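Quick notes on the structure that follows.
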Amino acid sequence: MNVHVVWGLLLLGVYDVAALTIMEALASRYDVMSFSSLVRRAGLESLLNKGNYTVFVPVDAAFQLLPEQMITRLYQKENLLELKALVKYHIVPYTWNTHHHWTGEKVNTLASKPVRMVTYPHNQVTVVNGVVLTETNLSVSNGQIFLLSSTLSPPTFDIAQDLYQEPNYSSFLTAAALSGMTSKLKEDNITVIAPYDLAFTKMDKNKTDALFNNIPLLRALVEFHILPGVYYTGGLYDNEKLYDDNSKYDNTYTIHQFGKDGFRVSPFDGTFLTKNWLATNGVIHAITGVKYTWPFYRDIDKIIG
């Protein structure tokens with residue numbers, strides 16, 4: 001019998017992988033032993049030997065990024081339900097066309113909590129909860145396997161609630177509340193570029209005072225920071241143009257990438273400080289600057305006189 005190695009998979013014969021079940025395929029890989037062990041520990045091995053499933057499988061290196069005490073806790077008998085929930089969150093109870101173009105749809109998992117899928121057309125990268133699929137598809141007899149570079153965990157709060165949990169976004173949240181835009185932060189499939197409170201202190205105080213006393217301008221400012229669609233950094237690229245929903249001011253963002261994971265956005269440069277902050281309705285990127293346009297800025301000056 002011939003044994004072949006393809007991307008970490010030991011195959012019994014060149015074409016036999018399609019005949020394997022999900023668990024058999026996982027058992028034949030040397031780079032997903034941690035996840036395979038957790039599946040067996042959770043008592044889900046027989047489940048993945050039948051049925052029709054899509055499984056997002058973190059490679060072993062992904063588990064090395066987790067706190068050691070978390071791994072220890074998952075293997076404790078009294079935490080079996082937590083372990084099952086984690087594993088089930090990586091399993092979808094159906095499959096789909098591998099060429100499907102995702103636009104931010106939610107896909108439900110066995111944990112009864114959804115993951116969010118996005119495909120970026122410029123590089124055909126597909127992400128799940130912002131994590132790039134490192135091996136796009138491994139089709140087996142009862143489903144398909146996608147490899148991930150990190151584990152998945154479900155977001156708990158929507159964008160507005162996430163920001164309220166932190167003390168550094170009170171100015172932006174106040175602007176949203178005063179302008180009646182809090183509900184906009186709760187809409188689905190959006191990206192919020194959230195300025196830190198310190199970003200507002202960089203603005204002239206006269207302009208800030210005028211802004212917070214003018215509801216139409218305040219509403220526009222909040223709209224500048226809300227983008228339709230979900231843009232994880234895994235899909236951003238240098239000089240990409242992004243657009244908000246404001247109809248009065250033409251606010252076009254340009255993404256600038258520096259290094260492997262650094263991003264800033266212009267005009268009025270703001271560097272991404274916290275990236276890929278997951279929420280139930282999209283994603284947040286915290287930035288160092290408040291975003292607006294020159295026409296908007298001039299309208300504030302007209303109020304000041």
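The values are calculated or read from the model by the stated rules, or taken from the named source; none is laboratory data. Note that the coordinates shown come from a computational prediction; the quantities given were computed from them, not determined experimentally. Don't worry about glycine lacking a Cβ; one is built from the backbone with ideal geometry, like all the others, and counts go over all protein chains shown. All accessible areas refer to the heavy atoms of the entire protein, side chains included, with ligands and DNA or RNA removed. Shrake-Rupley method; radii C 1.70, N 1.55, O 1.52, S 1.80 Å.
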(message) For region 40-71, give me each residue that is within 24 Å of the chain's Cα centre (by Cα) and buried (at least 16 other Cβ atoms within 10 Å of the Cβ).
(response) Y53, T54, V55, F56, V57, P58, V59, D60, A62, F63
(request) For K260, indicate whether it is in contact (Cβ under 8 Å) with a residue 12 or more places away in the chain, open to solvent by 70 Å² or more (accessible area, probe 1.4 Å) and of a type in the set (K, R). (result) no
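Might you let me know whether region 43-65 holds any residue that is touching a helix residue (DSSP H, G or I) at 6+ places or on another chain (Cβ under 7 Å), in a loop (DSSP other than H, G, I, E, B) and modelled with pLDDT of 90 or more?
So far as region 43-65 goes, yes, one or more of its residues are touching a helix residue (DSSP H, G or I) at 6+ places or on another chain (Cβ under 7 Å), in a loop (DSSP other than H, G, I, E, B) and modelled with pLDDT of 90 or more.
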(message) Can you tell me which of (1) under 18 Å from the mean Cα position of the chain (by Cα); (2) more than 30 Å from K106 (Cβ to Cβ) is the one W277 doesn't meet?
(response) (2)
(message) Would you confirm whether or not region 289-298 contains a residue that is at pLDDT 90 or above and among the hydroxyl-bearing types (S, T, Y)?
(response) no
(request) Starting from residues that are surrounded by fewer than 17 Cβ atoms within 10 Å (Cβ to Cβ) and of a type in the set (D, E, K, R), keep the ones in region 266-305 and report whichever is nearest to N206 (Cα to Cα). (result) D301
(request) Looking only at region 21-39, count how many residues are open to solvent by 40 Å² or more (accessible area, probe 1.4 Å) and within 19 Å of P93 (Cα to Cα). (result) 1
(message) Quick check on my filter: what residues within region 189-212 are touching a residue at least 24 places away in the same chain (Cβ under 8 Å) and part of a loop (DSSP other than H, G, I, E, B)?
(response) N189, Y196, K202, M203, F212
(request) Go through region 189-245 and give me each residue that's within 24 Å of N276 (Cβ to Cβ), open to solvent by 60 Å² or more (accessible area, probe 1.4 Å) and not aromatic (F, W, Y). (result) L198, D238, N239, K241, D245
(message) Looking for something in a strand (DSSP E or B), over 20 Å from the mean Cα position of the chain (by Cα), among the hydroxyl-bearing types (S, T, Y) and under 30 Å from N213 (Cβ atoms) - is there at least one such residue anywhere in region 280-294?
(response) no
(request) Would you mind stating whether V92 is in contact with a helix residue (DSSP H, G or I) (Cβ under 7 Å, 6 or more places away or on another chain) and at pLDDT 95 or above? (result) no
(request) Determine whether region 246-254 contains at least one residue that is part of a loop (DSSP other than H, G, I, E, B), of a type in the set (S, T, Y), touching a helix residue (DSSP H, G or I) at 6+ places or on another chain (Cβ under 7 Å) and over 22 Å from N123 (Cα atoms). (result) yes
(message) Restricting to region 93-132, name every residue that is of a type in the set (A, V, I, L, M) and free of Cβ contacts under 8 Å to residues at least 60 places away in the same chain.
(response) V107, L110, A111, V115, M117
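Does K186 qualify as being at pLDDT 95 or above, surrounded by fewer than 22 Cβ atoms within 10 Å (Cβ to Cβ) and of a type outside the set (D, E)? Break it down stepwise before answering.
Working: at pLDDT 95 or above: yes; surrounded by fewer than 22 Cβ atoms within 10 Å (Cβ to Cβ): yes; of a type outside the set (D, E): yes.
When the stated conditions are applied, K186 passes them.
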(request) Go through (1) buried (at least 18 other Cβ atoms within 10 Å of the Cβ); (2) in contact (Cβ under 8 Å) with a residue 60 or more places away in the chain; (3) among the small types (G, A, S) and name the single condition A160 misses. (result) (2)
